[in-house]
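Enquirer: Just dropping this structure here.
The values are calculated or read from the model by the stated rules, or taken from the named source; none is laboratory data. The shown structure was predicted, so the numbers you read here are calculated from the model rather than taken from an experiment. Cβ placement follows ideal geometry from the backbone for every residue including glycine, while neighbour counts extend to all protein chains displayed. To get the accessible areas, we keep the full protein, side chains included, count just its heavy atoms, and leave off ligands, DNA and RNA. Shrake-Rupley method; radii C 1.70, N 1.55, O 1.52, S 1.80 Å.
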Amino acid sequence: MNTRSGIEPRPSPDNNNCTNASSSTHVQAKHQSLIVIGSGPVGIRAARMLAGQNPSHRVTVFGEEPHAPYNRVQLSLYLSGEVGRDSINIGERSETSTNTQEQWVNSRIVEIDRRQKRVVDENHKSWPYDILVIATGSTAVVPDIPGIDLENVLRFRTLADTESLLERKEQSHGVFVIGSGPLGIEAALGMKTRENRVFLQARNYLLDPSLDKRAQEILADSLETAGVHVLQGDPITHIKGQDGKVIGVQLESGKLIECDTVVYCTGVTPNTGLAKDAGLETARGILVNDVMQTSDPAIYAVGECAEHGGQTYGVVAPGFEQVSAMSTHVSGFAMPYKGSPGNIQLKFGSQPSALIGDVNNPHARSYVYANRLKGIYRKLFVINQRLIGYIHIGRWDELPSLQEFLTTEQKIKTRSLLQFDKSGNLWRDSAQKHVKDQPDDYIVCLCESVTRGTLTSAMEGGNRTMESLCGATKAGVTCGSCKPLLAQLLDAPAPNLVMRHYKPIYWFSVVAIVLMAMTVLFKPIGIGESAQVTWQLEKLWFDNFWKQVSGYTLLALSLLAAGLSIRKRWKKLNVGHLDDWRYVHSIIGVIALAVLMIHTGLRMGNNLNFVLMAVFLAATLTGSLVGVFMARNHHWTDLKLRQHRTWWSRVHYTLLWMLPALLGYHIFAVYYF
């Protein structure tokens, strides 16, 4: 990298002697003043590591937001209600009492004076430094869309943004999310309630362009199941407003999506303003070398604002790795940063998804297992029998073992890869290994390197809730991806989303199961002793005219019941809330079952009639079970409940779509013969 005139050249990160020599000139002396600009997770991590290196260091953290430092990574969990406001705080003072650490909130740094080695805050107060660490993060990109400045068009980036979204969440009837990356998906899921409709625009892809078509379809299915309507390939032309407020989003196809809240999650741009004004070298981010030094050796940059090797990162894990390289260099040693994989982790309900490791290597051989019926997609990237990356959608019991093989670069046996192609699992024995059965040194939380043994000790010490266990061990407080494993340890999985009309749907489902049991178990209705049918009620199942009435009514109800399946799969048919369609579907199911009892007189029939009857009853049973699962899923805490419900839903719809054909043939046979 070329240095500008008047800036001291940085030592080469490839020369350890130069690196140590550079450090000794300004770090080994006592009573150093170290300033960190930025109070996000990376900035706080930097301050703690620097304060822990030397009791004489004085570390001061500046944050411009009017809040104590908080964990930005867990804002999605806060928005969805999975964690409370107190759970995202990370602003405790250093735990080492011999170190001095100050934190200044609502104090924006407006100038870096490199010549005087001081920073100036917005109140014009100067703060001298020996070492300066810039951890200013990034800013949300505002999309260039007409109407973006209307009221109730919000971004999702800071705690203040999240508080605004939480307020809108309870008031909104329709929410439109622009941007289908990880943050956009999490925003859509976080804004979902049983009373509103949430739309997610996926202009080009869902989650990441690395996902192929099958993965995109399975992920879209999972989002639809969670109540988020995915709109693909239909760009926004403008946001429509009235009286200064949002009333809808106009799409290129001409369709108007009515909504009263718009959330944009359209990427971020590194905050480089301070660095540019100070004369530091920048490109997309603040340019740094392998020990995170900028073009000024006394100034480091870490996290989302830093650019290393032409790469910037929008997630927290690389920032933590950069902090380790930076703090090690400040202490007089060298641990060069070599870059990080662009890992993406997404969690919603019981359907976690992730892209881990190198998933774009053109030299890797890929192995894919996909089962859309079960909502599962798994893809391995292998070079010379060694795992270099993987993608998964849906729960996968082998993830701990998979992560171990990725980290240790162990070879995977050929027969395991062949088994993966068939079943989606690499190892028969390890697939079901519970986190409680892992050894004490097994790392559960990768962000904070918390082991299973540490967690078990904390639980034995009385930390038996998710909040107290996370607080005592720091596990789950950064990205939260290890919380499913913590839930396994605590036997306390997270609750599911509450559905609209869950009480009537539950009771209609129970009634349907009772009617089905009566149809199967009760004795068929017999013909009266008299040859002439005089009892009017008997005409319903013995008179030819009424048999036709009930038969055609049954056919019409079956076709109406299929409307829910069409509604879920035909993207253009988005009239009404999906939960309302489910409610009507359950009512139609009960009415259809009652008509079937009248039409058949509780007779199961023979041959084709028996097949028709069996399919109808099986469709009723599976549909009723799905109704019970969906209505009660916010009370039950089985981690695999959604998987069971999805499987039964697929079986139910398969049987339901068989009914029109069987009924049509039944009608043809009756009239023909």
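Enquirer: Just read off the accessible area of Trp127 with the full protein assembly in place, 1.4 Å probe, to the nearest 10 Å².
Expert: Answer for Trp127: close to 30 Å² accessible.
Enquirer: Moving on to the next point. So what does Val611 come to for accessible area, using a 1.4 Å probe and Å² rounded to 10?
Expert: Looks like 70 Å² after rounding.
Enquirer: Next up: Can you give the FRET efficiency to the nearest 0.05 for Asn106 and Ala517, using r as the Cβ-Cβ distance and R₀ = 51 Å?
Expert: The computed FRET efficiency comes out at 0.20.
Enquirer: Determine the order of Glu217, Glu186, Glu64 by accessible area, beginning with the largest, at a probe radius of 1.4 Å.
Expert: If we order Glu217, Glu186, Glu64 from most to least accessible, we get Glu64, Glu217, Glu186.
Enquirer: What is the distance, in nm, between label points placed 7 Å from the Cα along the Cα-to-Cβ direction at Phe610 and at Asp86?
Expert: Using points 7 Å along Cα→Cβ, the separation is 6.5 nm.
Enquirer: Longer than 30 Å from Cα to Cα, which of Lys374/Lys523; Lys436/Lys474; Lys374/Lys436 are they? Say none if no pair is.
Expert: From the list (Lys374/Lys523; Lys436/Lys474; Lys374/Lys436), the Cα-Cα distance tops 30 Å for Lys374/Lys523.
Enquirer: Under 5 Å between amide hydrogens, which residues at least 5 positions from Arg118 or on another chain qualify, with H placed 1.01 Å from N in the peptide plane?
Expert: Asp113, Tyr129
Enquirer: Among Leu154, Leu521, what's the order by accessible area (1.4 angstrom probe), most exposed first?
Expert: The most accessible residue leads, giving Leu521, Leu154.
Enquirer: Ignoring ligands and nucleic acids, what accessible area does Arg365 show with a 1.4 Å probe (Å², nearest 10)?
Expert: Here the accessible area works out near 150 Å².
Enquirer: How high is the FRET efficiency from Lys436 to Asn204, r the C-beta distance, R0 51 Å, rounded to 0.05?
Expert: My answer for the efficiency is 0.75.
Enquirer: Okay, next question. Longer than 32 Å from Cα to Cα, which of Lys192/Lys483; Lys192/Lys255; Lys125/Lys276; Lys192/Lys245 are they? Say none if no pair is.
Expert: none
Enquirer: Rank by packing, highest mean first: peptides 372-379, 109-116, 353-360, with packing defined as the count of other Cβ atoms within 10 Å averaged across residues.
Expert: The most tightly packed comes first, giving 353-360, 372-379, 109-116.
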